[in-house]
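**Q** Mind having a look at this structure? Questions to follow.
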There are 4 protein chains.
Amino acid sequence: MQIGMIGLGRMGANIVRRLMKNGGHQAVVYDKSDKVVAAVVGEGAAGASDLEDFVSKLEKPRTVWIMLPAGAITESTIDTIARLLDRDDVVIDGGNTFWQDDIRRARTLREKGIHYVDVGTSGGVWGFERGYCMMIGGDKAVVDRLDPIFAAMAPGRGDIPRTPSRDGRDPRVEQGYLHAGPVGAGHFVKMVHNGIEYGLMQAYAEGFDILKNANIDALPDDHRFKLDLADIAEVWRRGSVIPSWLLDLTASALARSETLEAYSGFVADSGEGRWTINAAIDEAVPAEVLTAALFARFRSRRQHTFAEKILSAMREGFGGHKESGEGDSSTKGRAAS
Amino acid sequence: MQIGMIGLGRMGANIVRRLMKNGGHQAVVYDKSDKVVAAVVGEGAAGASDLEDFVSKLEKPRTVWIMLPAGAITESTIDTIARLLDRDDVVIDGGNTFWQDDIRRARTLREKGIHYVDVGTSGGVWGFERGYCMMIGGDKAVVDRLDPIFAAMAPGRGDIPRTPSRDGRDPRVEQGYLHAGPVGAGHFVKMVHNGIEYGLMQAYAEGFDILKNANIDALPDDHRFKLDLADIAEVWRRGSVIPSWLLDLTASALARSETLEAYSGFVADSGEGRWTINAAIDEAVPAEVLTAALFARFRSRRQHTFAEKILSAMREGFGGHKESGEGDSSTKGRAAS
Amino acid sequence: MQIGMIGLGRMGANIVRRLMKNGGHQAVVYDKSDKVVAAVVGEGAAGASDLEDFVSKLEKPRTVWIMLPAGAITESTIDTIARLLDRDDVVIDGGNTFWQDDIRRARTLREKGIHYVDVGTSGGVWGFERGYCMMIGGDKAVVDRLDPIFAAMAPGRGDIPRTPSRDGRDPRVEQGYLHAGPVGAGHFVKMVHNGIEYGLMQAYAEGFDILKNANIDALPDDHRFKLDLADIAEVWRRGSVIPSWLLDLTASALARSETLEAYSGFVADSGEGRWTINAAIDEAVPAEVLTAALFARFRSRRQHTFAEKILSAMREGFGGHKESGEGDSSTKGRAAS
Amino acid sequence: MQIGMIGLGRMGANIVRRLMKNGGHQAVVYDKSDKVVAAVVGEGAAGASDLEDFVSKLEKPRTVWIMLPAGAITESTIDTIARLLDRDDVVIDGGNTFWQDDIRRARTLREKGIHYVDVGTSGGVWGFERGYCMMIGGDKAVVDRLDPIFAAMAPGRGDIPRTPSRDGRDPRVEQGYLHAGPVGAGHFVKMVHNGIEYGLMQAYAEGFDILKNANIDALPDDHRFKLDLADIAEVWRRGSVIPSWLLDLTASALARSETLEAYSGFVADSGEGRWTINAAIDEAVPAEVLTAALFARFRSRRQHTFAEKILSAMREGFGGHKESGEGDSSTKGRAAS
């Protein structure tokens, strides 16, 4: 089957590679950078010089996969490409788009007879090798039409043990892709996946922080431990209750350097963690852990919050407390209040 | 009535002053600094050169108020003074002592016939003028004996409106002091007071942070506001649902300088916020807000947590994400994850 | 000055009463219930039988205050009234409207030359007596025109102590009303006010919960206290760091009944707490306490969350743990995991 | 090698079975229930009728593994057995003991020349088959002496991929057991393991709750999704960022029944989650996620908190708000505040 790919970043290029290698599919590729187009053309794809050229090289009904940063670029690319496409063509947004944008766009494209499919695509830099976990939203007939694409991208069953009691359920799910529901459902499920991801990461992170600080001076001497974090991460991978891929990655990082001195601790967040909390609020679902994980990232990017200055101002107001110097260790910061 | 005061810091000296001025009480005072002793002696107290001298100047049964930083100093001072006191003397710990230490100490002193009373004392630097709110733990007979002291220290009814439905209740409470229960109860109630204090402070602080950041570039132009925080704090003092003394102090600080540039945002915590959470855990009471307020202070004292480095290491592991530079604004820190 | 009031619920009727009594203003009133219209007419207002009648009784330029539940009713009422109004008339939304709705509506009304003003109005059932704290968004000229209304509604300076360092600042703020900025700013500031309100309330609530549970069987005998919550609330009103109006209300409720048996603990939330968190997320401001307070309300309205069932299912999966019965006390729920 | 096992519950019996089967070790077993002793004797162990008998059947230097519920039973059993043991014997506590109790006990036993080793043992009901992940605290020489025991209990390397960059590190760790440090270190690391476990569980749980509630009436029709939670859990196991053993267990449970109607949502907690937060507080490490996970369990065991009643009382106080009935759905609980 033939697919057109717009956007050859980390994800887009590897998806094309996997489709060609794994499924014997053909790809037409476009990127604003000629250089990256040339690279993927060198591996067997057909290149396009602009979007008109791109569309002209696709057989009808066309399949266009857009793999660009969520937001304005994706939006304007879909606007442009929609003007070039015909009835029954399909636009797939495989990026981290906000699911309500999917619903709005699909409504617009539907007026022109163009199908829209949203694919939440997980797998990061390992996808080419491991395959991509895909959460798909769209009309059943269209998603079924695209099945060869999804099947080639998916990790397949591999040696992951089968879950009992799944007889009679959709077998595609065990290959690693899921038709989650109508347009928007794919990105909705991917959004919650990322929300959970933040929570899991923060749980491990706090745990290792507690282990790391088990040796601080402020603790009584007989209650201090100097622990080997790399060995702890490793041993937990083996027979404990908490093994996971995220723990594997942590064990690797700690084995390379237990102090993680290569990292400053400035942690970005994508929109998906934020939208997860918005969804929880809309549904009146308490989501303390997922929210705390998001806020920890917000906080990591500020030297101090204004909130903290308010606290200091209040403390001086009622108690005459002067701020300790920044150089103080955390526990020296204890004082009567 | 005569009282002996050990410790003439911010709180101790003002308590002595208020007792002398408000209740016509006599005070014998001791501090390791001769200079501060001399200052209070100059205002009418009798000074002591050491603890033996101090004890010798007190009439039996003696009343010794200890107003020192909670922890080792208070502990060793009580040990020392206990050796000098006699049956039926009273030791009062008016500091921010951990309530379980009170219970332990009282048990030891009781063997010698010495009484122990714990007084959680709130009022900060304003206590001399406003009076002190006191939460008292100890045997009823002993607390009753000390009533003239507490009555003179307390703010009294003033012009604070009376709470309806209090007929038949202990009238001392409306004067601003409470016999909360047996030894330890005073500091337990004061501990929870401080735990609440942290939560209230953080609630205001977060609110003002949201107001402050309502004008950041990352927001859409038509959704930005440049707000006057000093005026907002002021207007909330008048007829809203959230007036409080803490808001008064915030309004004052913001009126002086809306940017609070005098403060860095490095926020200390005393033990009481911590013990409050420990108590919540012992009781299996969910205390999300009080805990979040404490953790915000912990976080304020670190440039980065180790947890944040773990997050960065994981993100690089699964997604190849490089950390943005520290110079980035918070919202530039958004990226695909 | 003349004002038209649509909506004579708890807030609307009292605002009209205060305007007539305090400022000598005239009011034309409308409500879908003839009975409540008749009641307010009996106190001196002019009644209207429908919106056409309402508009016809107002002098140009008209001032229409809408005091309805935020959402669909307010929206449709504004749509209807806008068709009846003329250039230079003013529509005031005094309800708890989402500030982005204000911005959208003002844009629409501006095309017809109609002004829009959003007023976040705090004061609850006490407003008639205490006055209303108002946070106002709109064009300066329009807000200035309405000043006699706001001045009459506001609490005025009263005996609330003045904040130092406010010389040269807008004196209206000390009367209890603030022109916060352009359209939307009023409800934005009111939204954050309510967000803070939730946080403050939850801080007190958790504190009292810890006090209440200080006597549970699961604690060691010598670490248990039976505390008088009504007296504790009362004493904290007097000289402590945490007095506030919310504490006054708590002290009253506890004095009436220390067990609060009249309440089940099912706690509603308005939109404003939710929007505050949405705003914090948009601004990347960590707002742990305000969020925890909101989530505690969500949780209070469910017997169990689905999340909790997931936890139980996992625990059975890895540890064979059976759920304890609902009848168990909280601490009996401890078990190996 | 010979081992004595006291306590033949879920964990103890399986450990003995694994030691006999996997390492060819001999076991002497004791339990207060003759019946369970008989069962394990039937599988090859030597049974003991009481602790004297038990000790007499062990060769010197004796190795006694205690596998009892943490707390009073473990404590008194160690006291008793210590009176029967001799210099150079070893007591191993393999339960979920508080690490500070380990330190205290080891100090006492050391006076008699008896060694103490704490082993945090993870693996739950699957340990017999998968092996046990062990985190060990104690003197090096003693831990080394016990190595055959640990090696037989551990899962071994299996087919878990090796972590890069571990050359030169302790090879036992890759077998699934770790000498973490001196006495107490084993249970300390296990404690944090459980703290993390709570956080991971809660992150998944909240995510599935958001998915579950994506179809509630309160949402706009075009923003609702009816999602298949079992399929979502399954697809995430395959190529996503969040696979883990806990997710495997969740997928199994949801495949059996998507509504989890077998569970009420009453979630116990062991001490270890609590101690983890206590440790974070002692170290001044912010641990929002781990704490929120613990508090969610506390909350799951109450119909309502007293805190929630306080909120309702305040809301009635300032706004005249009456509580909605319990029968209301969560979103009907929205109201002006």
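**Q** Is it the case, given these coordinates, that D:HIS187 is more than 7 Å from chain A (Cβ to nearest Cβ) and either among the aliphatic types (A, V, I, L, M) or in contact (Cβ under 8 Å) with a residue 60 or more places away in the chain (or both)?
**A** Considered against the rule, which asks whether it is more than 7 Å from chain A (Cβ to nearest Cβ) and either among the aliphatic types (A, V, I, L, M) or in contact (Cβ under 8 Å) with a residue 60 or more places away in the chain (or both), D:HIS187 comes out as yes.
Yes or no, residue by residue, for (1) within 26 Å of the chain's Cα centre (by Cα); (2) at negative phi:
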| position | (1), (2) |
| --- | --- |
| A:ARG17 | yes, yes |
| A:GLY24 | no, no |
| A:GLY42 | no, yes |
| A:ILE66 | yes, yes |
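**Q** Inspect all residues belonging to the stretch C:231-244 and state whether any of them is under 30 Å from C:GLY94 (Cβ atoms), outside the structural domain of C:GLY94 (by the TED database) and either at pLDDT 95 or above or outside any helix (DSSP H, G or I) (or both).
**A** Yes, the conditions are met somewhere in the stretch C:231-244.
**Q** Kindly provide the set of residues from the stretch A:109-125 that are among the small types (Gly, Ala, Ser) and surrounded by fewer than 20 Cβ atoms within 10 Å (Cβ to Cβ), ordered by number.
**A** Hit for the stretch A:109-125 is A:GLY113, nothing else.
**Q** Condition check: in a loop (DSSP other than H, G, I, E, B), surrounded by 15 or more Cβ atoms within 10 Å (Cβ to Cβ), hydrophobic (A, V, I, L, M, F, W, C) and modelled with pLDDT of 95 or more. Does A:LEU19 satisfy that?
**A** no
**Q** Next question, about the same structure. Which count do you get for residues in the stretch C:86-102 that are surrounded by fewer than 22 Cβ atoms within 10 Å (Cβ to Cβ) and on the phi < 0 side of the Ramachandran plot?
**A** Within the stretch C:86-102, residues that are surrounded by fewer than 22 Cβ atoms within 10 Å (Cβ to Cβ) and on the phi < 0 side of the Ramachandran plot number 5.
**Q** I need the full set of residues from the stretch A:121-145 which are of a type in the set (Val, Ile, Thr), in contact with a helix residue (DSSP H, G or I) (Cβ under 7 Å, 6 or more places away or on another chain) and assigned to a helix (DSSP H, G or I), in order please.
**A** Within the stretch A:121-145, A:VAL125 is the sole residue that qualifies.
**Q** Turning to a different aspect of this structure: Which numbered condition in (1) of a type outside the set (Lys, Arg); (2) assigned to a helix (DSSP H, G or I); (3) away from every other protein chain (no Cβ under 14 Å) is the only one that B:ILE73 fails?
**A** Checking B:ILE73 against (1) of a type outside the set (Lys, Arg); (2) assigned to a helix (DSSP H, G or I); (3) away from every other protein chain (no Cβ under 14 Å), the one that fails is (3).
**Q** Need the failing condition index for B:THR97 against (1) part of a helix (DSSP H, G or I); (2) more than 18 Å from B:TYR30 (Cβ to Cβ); (3) of a type in the set (Ser, Thr, Tyr); (4) touching a Ser or Thr at 6+ places or on another chain (Cβ under 9 Å), just the number.
**A** The one condition B:THR97 does not meet is (1).
**Q** Would you please name the residue that is farthest from the chain's Cα centre (by Cα), looking only at residues in the stretch B:44-64 that are part of a loop (DSSP other than H, G, I, E, B) and acidic (Asp, Glu)?
**A** B:GLU59
**Q** Just to check your reading of the model, which residue among D:LEU200, D:LEU260, D:LEU211 is surrounded by 23 or more Cβ atoms within 10 Å (Cβ to Cβ) and either outside the structural domain of D:PRO286 (by the TED database) or without any contact (Cβ under 8 Å) to a residue 24 or more places away in the chain (or both)?
**A** Step by step, each of D:LEU200, D:LEU260, D:LEU211 is checked, and only D:LEU211 is surrounded by 23 or more Cβ atoms within 10 Å (Cβ to Cβ) and either outside the structural domain of D:PRO286 (by the TED database) or without any contact (Cβ under 8 Å) to a residue 24 or more places away in the chain (or both).
**Q** Which one of the conditions (1) under 22 Å from the mean Cα position of the chain (by Cα); (2) surrounded by fewer than 24 Cβ atoms within 10 Å (Cβ to Cβ) does C:ASP221 fail to meet, given that it meets all the rest?
**A** (1)
**Q** What are the residues in the stretch A:276-300 that are charged (D, E, K, R), crowded, with 24+ Cβ neighbours inside 10 Å and more than 12 Å from C:ILE281 (Cα to Cα), if any?
**A** Residue satisfying the conditions is A:GLU288 alone.
**Q** I'd like to check something: does the stretch C:177-191 contain any residue that is assigned to a helix (DSSP H, G or I), out of contact with any strand residue (DSSP E or B) (no Cβ under 8 Å at 6 or more places or on another chain), buried (at least 24 other Cβ atoms within 10 Å of the Cβ) and of a type in the set (A, V, I, L, M, F, W, C)?
**A** no
**Q** On to the next question. Within the group B:LEU249, B:LEU178, which residue is more than 9 Å from chain C (Cβ to nearest Cβ) and within 30 Å of B:LEU68 (Cβ to Cβ)?
**A** Answer to the check: B:LEU249.
**Q** How many residues does the stretch A:286-327 hold that are more than 7 Å from chain B (Cβ to nearest Cβ) and modelled with pLDDT under 85?
**A** 2
**Q** Starting from residues that are out of contact with any strand residue (DSSP E or B) (no Cβ under 6 Å at 6 or more places or on another chain) and among the basic types (Lys, Arg), keep the ones in the stretch D:36-85 and report whichever is farthest from D:ILE3 (Cα to Cα).
**A** Result: D:ARG83.
**Q** Listed residues C:GLY195, C:GLY156; which is in a helix (DSSP H, G or I) and of a type outside the set (Val, Ile, Thr)?
**A** The match here is C:GLY195.
**Q** Could you grab me the full set of residues in the stretch D:211-221 that are assigned to a loop (DSSP other than H, G, I, E, B) and facing chain A (nearest Cβ under 7 Å)?
**A** Once the filter is applied, which keeps residues that are assigned to a loop (DSSP other than H, G, I, E, B) and facing chain A (nearest Cβ under 7 Å), the stretch D:211-221 yields D:ILE216, D:LEU219.
**Q** Moving to a separate point now. Filter the stretch C:125-159 down to the residues that are modelled with pLDDT under 95 and hydrophobic (A, V, I, L, M, F, W, C) and list them by number.
**A** Answer for the stretch C:125-159, where residues must be modelled with pLDDT under 95 and hydrophobic (A, V, I, L, M, F, W, C): C:VAL125, C:TRP126, C:PHE128.
**Q** On to the next question. Please state which of the following conditions B:PHE208 fails to meet, knowing it meets all the rest: (1) over 30 Å from C:VAL119 (Cβ atoms); (2) of a type in the set (A, V, I, L, M, F, W, C); (3) out of contact with any Asp or Glu (no Cβ under 8 Å at 6 or more places or on another chain); (4) not in a loop (DSSP other than H, G, I, E, B).
**A** Status for B:PHE208: all satisfied but (1).
**Q** Checking C:LEU254 against (1) facing chain B (nearest Cβ under 7 Å); (2) buried (at least 20 other Cβ atoms within 10 Å of the Cβ); (3) not acidic (Asp, Glu), only one condition comes out false. Which one?
**A** Tallying (1) facing chain B (nearest Cβ under 7 Å); (2) buried (at least 20 other Cβ atoms within 10 Å of the Cβ); (3) not acidic (Asp, Glu), C:LEU254 fails exactly one: (1).
**Q** Here is a further query. State whether one or more residues within the stretch A:267-277 are within 8 Å of chain B (Cβ to nearest Cβ), modelled with pLDDT under 95 and under 30 Å from C:ARG301 (Cα atoms).
**A** yes
**Q** Next up: Would you mention how many residues in the stretch D:144-169 are under 22 Å from the mean Cα position of the chain (by Cα) and within 11 Å of D:VAL117 (Cβ to Cβ)?
**A** Total meeting the criteria: 2.
The values are calculated or read from the model by the stated rules, or taken from the named source; none is laboratory data. All of these numbers come straight from a predicted model, not from anything done at the bench. Counting neighbours? That spans all protein chains shown, and the Cβs are built from the backbone with ideal geometry, glycine included.
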